[in-house]
Amino acid sequence: MTKGSDLLVAALENEGVDRIFGIPGEENLDVVESLRQSKIELVLPRHEQAAAFMAATHGRLTGRPGVCIATLGPGALNFSTGAAYAHLGAMPMIMITGQKPIMTARQARFQIVDVVASMRPLTKLTRTIVSAASIPTIVRDSFRVAMEERPGPVHLELPEDIAAEDADAPIVPVHPIDRPVAHPAALDRAAAMILAAKRPLIMIGAAGNRPRLVGALSDFVHRVRLPFFNTQMGKGAVTGGSNLYMGTAALSERDYVHQAIDRADLIISIGHDTVEKPPFIMGAQGPTVIHIGFTTASVEQVFFPHAEVIGDIGASLPMLADRLEGKLEPDGSFAELRQSILAHINDRAEEDRFPVTPQRLVHDVRAVMPEDGIVALDNGMYKIWFARNYRTHVANTLLLDNALATMGAGLPSAMMAALSHPDRRVMAVCGDGGFMMNSQEMETAVRLGLNLVVVVLDDGAYGMIRWKQAVDSFTDYGMTFTNPDFVTYAQAYGARGHRVEAVADLAPTLEAALSAGGVHIVAVPVDYSENTRVLVDELRAAVPERTAG
């Protein structure tokens with residue numbers, strides 16, 4: 001006979017789990033003891049939210065669920081933002097929380113909340129384990145559910161007495177699953193529409209950016225030779241430099257890339273997930289849209305495709321390429337338009353103004369990061385600038401969240417990237433507001449011996465909302481704060497701190513920190529006046545407003 005917690009850990013090992021992130025409580029002590037005797041490493045952060053962000057990022061980077069653990073009540077509820085982050089971002093994750101014994105109630109209702117009910121709208125599956133013998137099958141099913149399209153989080157609640165209960169149950173073997181591919185009739189229909197179009201354009205969305213799709217998607221673009229753009233979360237899905245790349249839709253309309261979108265008479269939308277802020281606004285007038293996805297499209301006011309190709313994207317795209325390769329003659333005007341779009345995007349990238357402008361920040365970060373270097377963004381105005389201006393050449397090297405778009409995820413996501421890829425350069429870019437929401441994880445990063453540079457953009461405000469407040473002509477109110485001395489703050493955690501005092505020092509400081517190894521904070525004063533000049537005034541003057549039908 002084996003106790004439930006041992007069955008749980010054995011089932012997790014069977015799934016290939018090598019790390020679990022979280023903060024256990026007394027209701028998890030049997031699980032902790034089972035972990036201690038296993039090959040699985042328990043990574044102890046300073047807040048459950050960070051544990052969930054790290055587990056979700058593991059899922060994003062690998063395609064296999066990350067696992068996190070917390071106690072009941074307050075610990076479990078601290079997972080909720082991370083659950084929503086993974087749910088909207090389609091990141092596979094398993095959350096395991098403890099609970100008081102269900103056979104007895106010696107502590108009455110102390111600390112008990114209905115965690116399963118609270119997790120129901122935030123997960124693909126949530127359940128309480130009521131029998132130790134059922135643990136192996138529940139774990140196997142949970143991993144399948146978490147990984148199936150659309151991927152996402154699964155929550156399991158393990159009561160204290162079930163974890164301690166003896167049972168005899170075999171571990172369920174893992175077997176490969178082949179996903180269905182698109183129907184030939186759908187592929188024929190899509191191919192006919194593309195061949196009939198005069199100016200087809202590819203859009204790559206979040207679901208096109210799964211780790212397993214890199215080769216298939218890159219090959220498709222190179223075979224059909226059609227220009228493409230991407231959503232924020234589709235960025236980097238096509239590997240290598242390409243003269244077919246038109247830009248990233250960091251805004252919903254009236255950015256320079258929308259000149260290409262408006263010129264297209266057909267858009268091949270690969271993996272668009274409408275949880276993202278819309279990359280363009282569909283109206284009665286506009287291009288025909290073909291949706292290619294694992295699942296059918298969500299029909300929204302701003303997105304209603306005219307045809308769909310449903311099935312495994314990785315297997316379906318080669319079959320569509322077979323129908324198109326060598327038969328397309330791309331409109332030559334896209335090449336000219338591409339040069340104009342990229343020239344505008346690169347404007348003032350080397351400006352010497354101080355505090356540092358967003359364009360210069362992106363330019364200098366790109367200069368010090370190799371092609372496979374990973375930049376993890378928190379949420380703020382700089383995310384729009386990185387989405388527009390930062391060129392990626394390797395998949396999953398710019399980690400940003402355009403779904404839940406929560407603050408506080410940048411540092412934990414970068415920590416997970418550094419754990420997964422200790423041989424690569426990893427950088428977190430955070431606003432001062434978002435950084436301070438989970439800055440306690442600096443201690444975790446130092447304790448884990450990570451090589452990580454954390455850029456903190458210092459403007460003493462919740463900059464994105466303050467900008468929006470000004471654009472909408474509200475009075476400047478309620479958005480400013482004071483920061484600690486970030487150099488001293490880094491040193492207090494055993495990290496190294498730097499403050500950029502001149503724009504010419506930015507790239508050398510970043511390079512020195514990356515070369516030195518260890519954990520560094522680089523505080524960078526930032527000038528966000530470019531937000532209004534470029535993202536409002538310039539675009540309003542240069543890009544005509546599109547008329548919606």
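Give all pairs with beta carbons closer than 8 Å in which a residue from region 43-54 that is over 7 Å from PRO412 (Cβ atoms) and of a type in the set (Phe, Trp, Tyr) meets a residue that is at pLDDT below 95 and crowded, with 19+ Cβ neighbours inside 10 Å; count only pairs at least 6 apart in sequence or on separate chains.
Matching pairs, first to second residue: none at all.
How many residues are closer than 12 Å to PRO200 by Cα and surrounded by fewer than 20 Cβ atoms within 10 Å (Cβ to Cβ) when one looks only at region 288-298? Show your work before the answer.
To start, the set of residues in region 288-298 that are closer than 12 Å to PRO200 by Cα comprises 288-290.
Filter again for surrounded by fewer than 20 Cβ atoms within 10 Å (Cβ to Cβ), leaving 288.
Number of matching residues: 1.
Among MET147, MET95, MET119, which is more than 16 Å from ASP30 (Cβ to Cβ) and either touching a Phe, Trp or Tyr at 6+ places or on another chain (Cβ under 6 Å) or of a type in the set (Phe, Trp, Tyr) (or both)?
Working: MET147 fails: either touching a Phe, Trp or Tyr at 6+ places or on another chain (Cβ under 6 Å) or of a type in the set (Phe, Trp, Tyr) (or both); MET119 fails: either touching a Phe, Trp or Tyr at 6+ places or on another chain (Cβ under 6 Å) or of a type in the set (Phe, Trp, Tyr) (or both).
On inspection, the qualifying residue turns out to be MET95.
Output yes when any residue across region 350-357 is basic (Lys, Arg), part of a loop (DSSP other than H, G, I, E, B), in the same structural domain as ARG212 (by TED's automatic domain parsing) and over 16 Å from ALA250 (Cβ atoms), and no when none is.
no
Here is a list: ARG348, ARG323. Which entry is modelled with pLDDT of 90 or more and of a type in the set (Lys, Arg)?
ARG323
Among ALA51, ALA56, which is the only one that is closer than 20 Å to ALA445 by Cβ, over 14 Å from the mean Cα position of the chain (by Cα), part of a helix (DSSP H, G or I) and hydrophobic (A, V, I, L, M, F, W, C)? Quick ask: steps written out before the conclusion?
Working: ALA56 fails: over 14 Å from the mean Cα position of the chain (by Cα).
One residue alone meets the criteria, ALA51.
Identify, from the list PRO74, PRO101, PRO45, the residue that is outside the structural domain of GLN440 (by TED's automatic domain parsing), outside any helix (DSSP H, G or I) and over 28 Å from GLY236 (Cβ atoms). Spell out how you get there, then give the answer.
Numbers: PRO74 fails: outside any helix (DSSP H, G or I); PRO45 fails: over 28 Å from GLY236 (Cβ atoms).
Within the list PRO74, PRO101, PRO45, the selection yields PRO101.
Out of curiosity, is VAL238 part of a strand (DSSP E or B) and either hydroxyl-bearing (Ser, Thr, Tyr) or outside the structural domain of HIS87 (by TED's automatic domain parsing) (or both)? First the steps, then the outcome.
Numbers: part of a strand (DSSP E or B): no; either hydroxyl-bearing (Ser, Thr, Tyr) or outside the structural domain of HIS87 (by TED's automatic domain parsing) (or both): yes.
Criteria not met by VAL238.
Is it the case that ASP423 is buried (at least 24 other Cβ atoms within 10 Å of the Cβ) and among the acidic types (Asp, Glu)? Steps first, answer last, please.
On the way: buried (at least 24 other Cβ atoms within 10 Å of the Cβ): no; among the acidic types (Asp, Glu): yes.
So ASP423 fails the test.
Restricting attention to region 513-544, report how many residues are in a helix (DSSP H, G or I) and modelled with pLDDT of 95 or more.
In the first step, residues of region 513-544 are kept if they are in a helix (DSSP H, G or I); the result is 513-516, 529-542.
So of that shortlist, the ones also modelled with pLDDT of 95 or more come out as 513-516.
Summing the residues that are in a helix (DSSP H, G or I) and modelled with pLDDT of 95 or more in region 513-544 gives 4.
Restricting the search to region 241-269, which residues are part of a helix (DSSP H, G or I) and of a type in the set (D, E, K, R)?
Let us first name the residues in region 241-269 that are part of a helix (DSSP H, G or I), namely 257-263.
Residues satisfying the conditions are ASP262, ARG263.
Quick check on region 479-523: of everything there that is in contact with a Lys or Arg (Cβ under 6 Å, 6 or more places away or on another chain) and closer than 21 Å to TYR462 by Cβ, which residue is surrounded by the most Cβ atoms within 10 Å (Cβ to Cβ)?
Residue satisfying both the conditions and the ranking: ALA523.
Within region 262-295, can you find the residues that are touching a Pro at 6+ places or on another chain (Cβ under 9 Å) and of a type in the set (S, T, N, Q)?
Matches in region 262-295: SER269, THR288.
Can you tell which of ASN396, ASN379, ASN389 is closer than 21 Å to THR274 by Cβ and either of a type in the set (S, T, N, Q) or over 11 Å from the mean Cα position of the chain (by Cα) (or both)?
Working: ASN396 fails: closer than 21 Å to THR274 by Cβ; ASN389 fails: closer than 21 Å to THR274 by Cβ.
Going through ASN396, ASN379, ASN389 in turn, the sole match is ASN379.
Evaluate region 51-63: report whether one residue or more is among the β-branched types (Val, Ile, Thr), over 23 Å from LEU400 (Cβ atoms) and outside the structural domain of ALA414 (by TED's automatic domain parsing).
No, region 51-63 has no match at all.
What residue, among those in region 65-122 that are of a type in the set (Val, Ile, Thr) and surrounded by fewer than 24 Cβ atoms within 10 Å (Cβ to Cβ), is farthest from SER420 (Cα to Cα)?
THR104
Could you tell me which of the residues GLY326, GLY314, GLY332 is within 22 Å of LEU217 (Cα to Cα) and without any contact (Cβ under 8 Å) to a residue 24 or more places away in the chain? Please lay out each step first, then the result.
On the way: GLY314 fails: without any contact (Cβ under 8 Å) to a residue 24 or more places away in the chain; GLY332 fails: within 22 Å of LEU217 (Cα to Cα).
Just a single option satisfies the conditions, and that option is GLY326.
For region 3-22, how many residues meet the condition of being over 27 Å from the mean Cα position of the chain (by Cα) and without any contact (Cβ under 8 Å) to a residue 40 or more places away in the chain?
Counting residues in region 3-22 that are over 27 Å from the mean Cα position of the chain (by Cα) and without any contact (Cβ under 8 Å) to a residue 40 or more places away in the chain gives 2.
Quick one: how many residues across region 386-413 are touching a residue at least 40 places away in the same chain (Cβ under 8 Å) and part of a helix (DSSP H, G or I)?
Looking only at that region, the number is 7.
The values are calculated or read from the model by the stated rules, or taken from the named source; none is laboratory data. Everything numeric here is computed off the predicted structure, so don't read it as measured data. Don't worry about glycine lacking a Cβ; one is built from the backbone with ideal geometry, like all the others, and counts go over all protein chains shown.
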